[in-house]
């Protein structure tokens, strides 16, 4: 029974916020939602839920507003911290999930095209198996040939060039994730 009375008191404290305070909180939540993937209304609703479940005594509208601002800031911090931890331990997602329009591997940098040196390229060449097209592309790229030169030299069209480039990039990423390339 005590819980209900306290909940009513907390609800009344939220209702007692002035329109200006509510507008300030909504604006603050919208600003703080940047980079979280959530909308400002989501942060504000979570802050309301924290307020309703809190043990902090109800003192007045200004203290309620201060509590809600602190809750929004805390929620934002927790979301961003979670994202950093996931990125640190799981890395960037490199596979398509259902509903994705674009394959994440398509936008990935091509590690074989970097200046890692001849040893890295040799490792890729050795590990690409029987894929002669990927090997031919690697040899042409080591010579710093432009894509147009590669198309002319290998007698490929642009579609085939992109397909082989994509296969090579996926192979390099997979071998790197497996620890076979360093």
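What the table shows:
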| read-out | value |
| --- | --- |
| Distance between the stretch 27-71 and the stretch 143-182 - C-alpha centres, whole angstrom | 50 |
| Proxy reagent accessibility, fewest Cβ within 10 Å first, across 130, 157, 42 | 130, 157, 42 |
| Relative contact order (percent, whole number), the stretch 2-90, Cα cutoff 8 Å, 6+ residue spacing | 35 |
| Gained length - residue 9 relative to residue 21, 0.36 nm times residue gap less alpha-carbon distance | 2.5 nm |
| FRET efficiency, 1/(1 + (r/R0)^6) with R0 25 Å, evaluated for residue 157 and residue 126 via beta carbons | 0.35 |
| Burial ordering of 125, 28, 77, fewest other beta-carbon atoms within 10 Å first | 77, 125, 28 |
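Quick note: the coordinates plus some simple rules give every number you see, no bench work behind them. Everything quoted here is computed from the prediction, not taken from an experiment. Methodologically, a virtual Cβ is constructed for each residue, glycine included, from the backbone with ideal geometry; neighbour enumeration extends over all protein chains shown.
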